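Remarks on the structure that follows.
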């Protein structure tokens, strides 16, 4: 299944059953982060497009991508991030 490229003003879209968050998202839940990570990994959004669309820094999105690759969805939670800062992430 091919995915169309999204414009920054596109309406929420599905990426393999994960709804892509609206551009004006105010709270980043693990589900929303996972949807953006999945879109970037599948080539639906480039890193630059995702950063621009969601007002993320490249470093922040890169961190999400790294934590997702290492720990899956659990790595995207704020609780996990606090554990990681303390050195408790495993």
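Readers should treat all values here as calculations from the given coordinates under stated rules, not as data from a laboratory. Computed from a prediction, not measured in an experiment: that's the story for all the values here. Cβ atoms come from the backbone with ideal geometry, glycine included; neighbour counts cover every protein chain shown.
Once both labels are modelled 7 Å past Cα along the beta-carbon direction, what's the residue 41-residue 70 spacing in nm?
Label-label distance for residue 41 and residue 70, simple model: 1.5 nm.
Report, in whole Å, the centroid distance computed from the Cα atoms of the stretch 20-45 and the stretch 62-81.
13
Before anything else, pin down the relative contact order of the stretch 27-84: Cα pairs under 8 Å, at least 6 apart, normalised by residue count, whole percent.
In percent, rounded to a whole number, it is 36.
Calculate the radius of gyration of the Cα atoms of the stretch 27-84 to one decimal place, then report Dmax, the largest Cα-Cα distance, as a whole number, both in Å.
10.6, 31
Would you kindly state how much longer the chain becomes between residue 62 and residue 77 on full extension, computed as 0.36 nm times their sequence separation minus their alpha carbon distance, in nm to one decimal?
3.9 nm
Subtract the Cα-Cα distance of residue 26 and residue 48 from 0.36 nm times their separation in residues, and report this length gain in nm to one decimal. Show your work: numbers first, answer last.
Numbers: separation 22, 0.36 × 22 = 7.92 nm, distance 1.94 nm.
Full extension from residue 26 to residue 48 adds 6.0 nm.
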